[in-house]
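Here the structure is laid out as structure tokens; the discussion comes afterwards.
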Amino acid sequence: MPDRDAPNAGLLIDGARVPSASGATVPVRNPATGAVLAYVAQAGVEDAHSAVEAAQRSYAAGSWRRATVAERARVLLRLADLIRANAEELARLESSNVGKPIGESRGEIAMGADCFQFYAGQIPSFGGHTVPVSAPGTGLTFRESVGVCVLIVPWNFPFAITTWKVSPALAMGNSVVVKPASATPLSALRLGELALEAGLPPGVLNILPGPGGAVGTALVTHPAVRKISFTGSTEVGAGVMRLAADDIKRVSLELGGKSANIVFADADLAKAGAAIFSVFGNAGQDCCSRSRVLVERLVYNEFVERYVERTRALRIGDPLDDATEIGSLISPEHRAKVDAYVRKGVEQGAKLCIGGAIKRGGMYDAGSFYEPAVFADVTPDMVIAQEEIFGPVVSIIPFDSEEEAIKLANGSIYGLSGSLWTRDIGRALRVVRAVETGVISVNTGWSVHMEMPFGGVKRSGVGRELGPSALEHYSEQKSVFISDE
Ligand code: NAD
């Protein structure tokens, strides 16, 4: 799309698409082509305050907060249906804005719709209890909404992560301000429009694209905000936690990862060796990426060979082409960072078996395409084995015993996700218990399920998203005692 034809897109505050107070806009680009998709209003501090105040007004007015569970569930279900009715448009928007393969976007949009449906189904049974107490009377607990929640979203799964946060927050009756990453605000803005169409009262869901430093900080420190849910890098998350401390705001953090994929010699190697999307999905720009593959030495060479062959067959190309498996990275700057890690790996003596180069020629020159890199003979102390690269780069590391595998897996500041591959059920149970992580799967590279809690330990975060327990993060408990004396 030529730049002059790109539409202008406003912020969503109090139920209306509005320009920013300063009038500033930023071009939002398709990373695969460089084309401008839209000029999006860039929020500043004044807009952050307006959005929080709109959320606060809608919360105080109470039409959403005090709506019955059945009324809230109806709106959430209508929104799920509207997402499904517009799924292809949303998937194309997401792929165009993030550079990810259309097949991946379709899955993420479908999951977003399912999330609203899931929490609509959860709220009728999510309530308090009667509690036997050691005093004459009755103890009761209520589950109440928290108030204004700020939901901060990264650029790698803009729609999916927005829905993971928005659906339980709205289900509990809160009013929210979403801050998408500056580079990828389009699908969240569209979600906001669909929510209004579904009948959500104005001001309950505000969407505010803008720079993290200024707008994020203004949102996090606003005194009316009661809860912050942040997904992004560990460094920025730590800053958010510090800022939230002054007012004792509730915080949940979903942060970085460097997860392990542990392959024992008795595993189905064909399956384990083919599970390359657990690191190359979304071109490796995935917090769950199992970018350290630990392989029992007995099968190490055979495994590396399989992995390299499957990587060689990857189809890198136009994100909107159904056949594409690897799209574009988010930006040339991010690609340069990924490439610098690859150079560091080579310099430190790891063996680059395939890929690890900027993809050039034809359509590739307009985007930020990168050839997925497989490193063998990596030692655990190397930079590529320790730091989150957030790109299509995998380190394959040998081990000799179950104890060593666990030690290697836990030798990271992170603890988000992971997999292990074995046919020995006893070993599977021992290892899943021993690995320090929030999420782990056995004999598959996939571990995100809407119905199960998702989140990390150590520097991968605090709190959990998804699953019924996410409702706890968006509600407060109130204890009531009724004396019968
Ligand atoms: P980032 O930390 O740079 O930004 C995340 C969000 O925070 C963006 O919306 C950004 O604008 C905002 N932000 C930046 N500075 C801020 C500040 N001072 N105050 C408040 N908000 C601020 O992360 P990113 O580069 O967008 O995303 C990549 C990172 O996210 C990776 O580390 C990845 O592992 C992590 N991530 C984690 C999960 C998870 O569920 N654990 C999921 C996806 C991504």
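The values are calculated or read from the model by the stated rules, or taken from the named source; none is laboratory data. These figures come from a predicted structure and were not determined experimentally. We place every Cβ from the backbone using ideal geometry, glycine too, and count neighbours over all the protein chains shown. For accessibility, only protein heavy atoms count, side chains too; no ligands or nucleic acids. Shrake-Rupley method; radii C 1.70, N 1.55, O 1.52, S 1.80 Å.
Of note, Arg190 satisfies the criterion of being open to solvent by 10 Å² or more (accessible area, probe 1.4 Å), within 25 Å of Ser58 (Cα to Cα), away from the ligand (no atom under 15 Å from the Cβ) and out of contact with any strand residue (DSSP E or B) (no Cβ under 8 Å at 6 or more places or on another chain). What strands (runs of 3 or more DSSP E), lying completely within the stretch 324-406, carry at least 1 residues that are at pLDDT 95 or above and crowded, with 21+ Cβ neighbours inside 10 Å? Once the strands (runs of 3 or more DSSP E) in the stretch 324-406 are filtered for at least 1 residues that are at pLDDT 95 or above and crowded, with 21+ Cβ neighbours inside 10 Å, what remains is 373-376, 393-399. Condition check: at pLDDT below 95, open to solvent by less than 50 Å² (accessible area, probe 1.4 Å), more than 16 Å from the ligand (Cβ to nearest atom) and of a type in the set (A, V, I, L, M). Does Leu269 satisfy that? In short, yes.
For the stretch 160-171, indicate whether the set of residues that are within 9 Å of the ligand (Cβ to nearest atom), under 21 Å from Leu76 (Cα atoms) and open to solvent by 10 Å² or more (accessible area, probe 1.4 Å) is non-empty. Checked the stretch 160-171: at least one residue is within 9 Å of the ligand (Cβ to nearest atom), under 21 Å from Leu76 (Cα atoms) and open to solvent by 10 Å² or more (accessible area, probe 1.4 Å). Scanning the stretch 445-462 for residues that are open to solvent by 30 Å² or more (accessible area, probe 1.4 Å) and at pLDDT 95 or above turns up His449, Glu451, Met452, Pro453, Val457, Lys458, Arg459, Val462. Annotation for the stretch 426-438: at least one member residue is crowded, with 20+ Cβ neighbours inside 10 Å, of a type in the set (A, V, I, L, M, F, W, C) and assigned to a helix (DSSP H, G or I). Which ones in the stretch 196-232 are in a helix (DSSP H, G or I), more than 14 Å from the ligand (Cβ to nearest atom) and either open to solvent by 40 Å² or more (accessible area, probe 1.4 Å) or acidic (Asp, Glu) (or both)? Leu196, Glu197 - these are the residues of the stretch 196-232 that are in a helix (DSSP H, G or I), more than 14 Å from the ligand (Cβ to nearest atom) and either open to solvent by 40 Å² or more (accessible area, probe 1.4 Å) or acidic (Asp, Glu) (or both). Annotation note: of Ala244, Ala214, Ala272, Ala224, the sole residue that is in contact (Cβ under 8 Å) with a residue 60 or more places away in the chain and within 22 Å of the chain's Cα centre (by Cα) is Ala214. Number of residues in the stretch 405-432 that are closer than 30 Å to Glu235 by Cβ and free of Cβ contacts under 8 Å to residues at least 12 places away in the same chain: the value is 1.
Total residues in the stretch 20-44 satisfying the condition of being open to solvent by 10 Å² or more (accessible area, probe 1.4 Å) and either without any contact (Cβ under 8 Å) to a residue 60 or more places away in the chain or not hydroxyl-bearing (Ser, Thr, Tyr) (or both): the figure is 16. Take the residues in the stretch 54-65 that are surrounded by fewer than 18 Cβ atoms within 10 Å (Cβ to Cβ) and in contact (Cβ under 8 Å) with a residue 12 or more places away in the chain, then tell me which one is farthest from Gly327 (Cα to Cα). Among those that are surrounded by fewer than 18 Cβ atoms within 10 Å (Cβ to Cβ) and in contact (Cβ under 8 Å) with a residue 12 or more places away in the chain, it is Ala61.
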